[in-house]
Amino acid sequence: MIDAITILPATAAPTYTAILSDIMLNDRDASRVDPLRTDQKLQNHRLRLVWLGRRRVPGIGAGVGLRVEGMVSLHEGLPTMYNPRYEIIGIQES
């Protein structure tokens, strides 16, 4: 799910950046997260997605679920994927 997006000023080069996050359990059943259990070990995997030459990407914003494909590199300590192919798989409802 997209946790955050970065909007740059108009004077900067067009770049759209989003942080994709996935909270997974170190357990057999990652689909059941009980917030009251303290023995569950949560891992938060984060991936920076960067679209170069674009000021926005239609359909991509905070709370959107994505499936992405592309080459990953390490940039400033965070795994980063440039111009990934993507598929929107869901939008978080409030």
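Read-outs throughout are calculated quantities, based only on the coordinates presented, and are distinct from any laboratory measurement. None of the values given here were measured: they were computed from a predicted structure. Neighbour counts are summed over all protein chains in view; Cβ atoms, including those assigned to glycine, are modelled from backbone coordinates with ideal geometry.
What list of ³J(HN,Hα) values in whole Hz, one per residue of segment 53-70 in order, does the Karplus curve 6.51 cos²θ - 1.76 cosθ + 1.60 (θ = phi - 60°) give from phi, with Gly and Pro shown as x?
x, 10, 8, 7, 10, x, x, 9, x, 4, x, 8, x, 10, 10, 10, 9, x
Taking the Cβ-Cβ separation of residue 44 and residue 85 as r and a Förster radius of 25 Å, what is the calculated FRET efficiency to the nearest 0.05?
0.60
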